[in-house]
Amino acid sequence: MSDAARPKRVRNAAPDRRIVSDPYIVGPDAPHDAEVERQLLSAVMLDDSRASFAICTQCGVKAKAFHSAANRRIWQVVEDLVARGSAYTATEVCAELNAAGEIDEVGGYDYLMKVSSATPTTAQVRYHAEQLVLLRQRRIALELSADIALAAQHGFEDREKFAEVLGEVGQKIIRFGRREAVRTLGDQIEAVQEDLKKRAAGTEDRSKWVPTGLPTFDKRLKPLNSARLDGLTVIGGGSGHGKSALLRQLIWTLLSNGGNAVVYTRETDIESFIEQMVAMACKVDLNNPQQALPETLRHFDETCTRLRTEVANKRLWVYQNEPATPLEKIEQMQAHYRAHAHLHGHPTAVGVDYLQIFGTEKRCGNREEVVATVSHTIQALQREAGNLWLVLAQLNEGGLRDMRTLKRDANDKVIHRMPSAGDIRESQAIFHDADRVIMLYRPPVDCRDQDNWGGNTLKPEIWLCQIKRRKGGEGFVRCWFDKRYTLFHELEKTEMVQAEASASAGGAVPSGGQSRADWQEQQRKKREGGR
């Protein structure tokens, strides 16, 4: 179609009106292939095994993907028959259309017989399905570009309104640009076979593994993202346990090993996140910077400079809730991450601080449903991205109070009330959605049998308790949390020996309705019965 023949747009048309009347978008000149549509319909109606329909579904074929109104209606009938569990040959489709009085609208029996006369192979079905979806996306791209042109011609006086309209169109463009090739079930079974062979031979791909920087943890409990279905890691703890500090430490270790990361920080602002991360790396006490050695301050300054010039917005992106990046609702973070991944690719890891602080656009009956919706959305986003997600979560106060209460058994050993799934605040969906759950446990006394909760405790003992991993590997690692530098480091071997002598790690705790005396008697009977 020549430029002169194309319809002129009305300058003062409403900016939000959908452009659907242009002949070069939905008309005969719009991108389409009538032969591909006929071949695909024929393949589906002639295939009794339903494999062809399954392939079309995997590739994203829907009725609106067909350019021809007749073919769209035929596909809708096929989908209805599939939903009812009925056969969907040309004969059944004809009967459905005839009963609805629509047989003539699709070209009559002759057209249906013509459509069902081709006999494409399964390989051709996948190719035709991909082509059909691609042509649909090309038509939509033309439609969206027309929307942008109309918005620009309308002449908004409000710049924010203009940016909002463009942003909505941009999000639609990004969604079309994100689609990846769909693998069949057979492809995935083959991938599982290859993965097990490589693991058995010790030649598996470890490029996506993320070391924690804590050697004992990586050895006992495995590095982060070290297995399939190991990507969504929830780190739970109470206030002051160091959840955010551990996240910063893990992100810093990742950057030091050449990885890249996106961080959504709702707990603190961006400047605080960067300041505390660099202070941790350079061991600067932010409460007493005047006491730092000159070379330490110089190291801090040089590290900030290197971050700014070599890492910022290249391998590290940090976002906070502000007008430029609204993050009040989980759907806003979801849209933002997808846009970021479209521009920069998926990062090695994504940090979220923290889960329960997000709301949702969906209508929920109570707070538990809100948190569950946020958790489900994050899990779906991690599955979509396929990378490591480090998501922080708060624990409820009742469980924390029980953990820090000092209890001893008959031999005067400490009874540790270890964290459990029920300690996560507001929704158990967080535990069930996660692939790996690491709880920060602060015992009532440290490995030296000294008060671990005193107000002057600058270096409390914190246990990293892995209470869930889909591939197995529960356990815990004892660490010191140096509050001066917000830095975790593992106990030395001599300290571990001392800890074993003074505490019964992982010991049971009296249940809620059981007195300590009854519990001790129960433990005595167990010991005597085991002799």
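The values are calculated or read from the model by the stated rules, or taken from the named source; none is laboratory data. Please read these numbers as outputs of a predicted model, since none were measured by experiment. For neighbour counting, all protein chains shown are included, and Cβ atoms are generated from backbone atoms with ideal geometry for every residue, glycine included. Just the protein is used for accessible areas: all its heavy atoms, side chains included, with ligands, DNA and RNA removed. Shrake-Rupley method; radii C 1.70, N 1.55, O 1.52, S 1.80 Å.
Side notes on the structure shown:
- Protein accessible area in the stretch 37-127, 1.4 Å probe - carbon and sulfur %: 50
- Fully extending the segment from Asp451 to Gln58 would add 135.6 nm, taking 0.36 nm per residue of separation and subtracting the current Cα-Cα distance.
- Across the accessible surface of the stretch 238-281, with the other protein chains kept in place and a 1.4 Å probe, carbon and sulfur atoms take up 39 percent.
- Candidates per chymotrypsin sites (Phe, Trp or Tyr not before Pro) in the stretch 416-457, loop by DSSP, up to 16 other Cβ within 10 Å: Trp453
- Square roots of 5 times each gyration tensor eigenvalue, C-alpha, the stretch 399-481, largest first, Å: 25, 14, 13
- Considering only Cα atoms, the convex hull volume of the stretch 164-303 works out to 204 Å³ per residue.
- Here the Karplus relation 6.51 cos²θ - 1.76 cosθ + 1.60, evaluated at θ = phi - 60°, turns the backbone of the stretch 37-45 into coupling constants of 5, 5, 4, 5, 4, 5, 4, 5, 6 Hz, with x for every Gly and Pro.
- Cross-link reach is defined here as a Cα-Cα straight distance under 17 Å, omitting same-chain residues fewer than 8 places apart; for Lys493 the aspartates and glutamates meeting it are Asp218, Asp446, Asp449, Glu461.
- Label-reachable residues, the stretch 422-463, where backbone N falls under 16 Å from a point 7 Å from Glu369's Cα toward its Cβ: 427-429
- Loop-located chymotrypsin sites (Phe, Trp or Tyr not before Pro) in the stretch 203-302 (DSSP state other than H, G, I, E, B) with a sparse environment of at most 11 neighbouring Cβ atoms within 10 Å are absent.
- Protein heavy-atom accessible surface, 1.4 Å probe, per residue over the stretch 269-333: 60 Å².
- Expressed as a whole percent, the accessible surface of the stretch 369-450 that belongs to carbon and sulfur atoms is 46, based on a 1.4 Å probe.
- In the full protein context, the stretch 211-260 carries 33 Å² of accessible surface per residue, based on a 1.4 Å probe and ignoring ligands, DNA and RNA.
- Accessible-area rank, largest first, for Glu160, Glu102, Glu369: Glu160, Glu369, Glu102, with all protein chains present and a 1.4 angstrom probe.
- Legend: translational diffusion of the stretch 353-438 by Stokes-Einstein, Rh = Kirkwood radius over C-alpha pairs, 4 °C, 1.567 mPa s; D = 88 µm²/s.
- Farthest toward positive dipole pole in the stretch 268-314 [+1 Lys/Arg, -1 Asp/Glu at C-beta], among Cys304, Ser272, Asn287: Cys304
- Hydrodynamic radius of the stretch 270-367 per Kirkwood, over alpha carbon pairs, in Å: 16.0
- Excluding ligands, DNA and RNA, the accessible surface per residue across the stretch 48-115 is 50 Å² with a 1.4 Å probe.
- Shape category assigned to the stretch 221-262 from the gyration tensor of Cα positions, a/c cut at 1.5: oblate
- Exposure rank, largest accessible area first [Phe66, Phe476; 1.4 Å]: Phe476, Phe66
- Here is the list for the stretch 277-367: trypsin sites (Lys or Arg not before Pro) lying in DSSP coil, each with at most 12 other C-beta atoms within 10 angstrom of its C-beta, are Lys314, Arg363.
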